[in-house]
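For reference, the structure discussed in these notes is given below.
Please treat every number below as a calculation from the coordinates, not as lab data. As the structure is a computational prediction, the values presented were derived from the model and not from experiment. With ideal geometry, Cβ positions are generated from the backbone for all residues, glycine too; neighbour counts draw on all protein chains shown.
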Amino acid sequence: MSTYYTPAHEYCKVDGNIATIGITDFAQAALGDIVFVDLPEPGDDFEAKDSFGSVESVKAASDVYAPVSGK
């Protein structure tokens, strides 16, 4: 398994042909208490750098961007 990080604190864990995408612990700590996460539907297609969801906290709301293309 390999893990790749973006400068914007998103990550991509690759295991074979499956990639798991998320935000780093640093980004989570900077946001504070997370109160809502907007996720895409299973099977949605994305190009690298597309916004595919958002994270809202008591401090701020942030879009989450796809670090790679895929579905």
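When residues in the range 50-71 are screened for being surrounded by fewer than 16 Cβ atoms within 10 Å (Cβ to Cβ) and not hydroxyl-bearing (Ser, Thr, Tyr), 10 of them pass.
For the range 53-68, a residue qualifies if it is under 26 Å from Ser2 (Cα atoms) and without any contact (Cβ under 8 Å) to a residue 24 or more places away in the chain, and the qualifying residues are Gly53, Ser54, Asp63. A Cβ distance below 7 Å, combined with a sequence gap of six or more or placement on separate chains, defines the contacts here; from the range 21-41, residues that are over 26 Å from Met1 (Cα atoms) reach residues that are part of a helix (DSSP H, G or I) in the pairs Ile34/Gln28.
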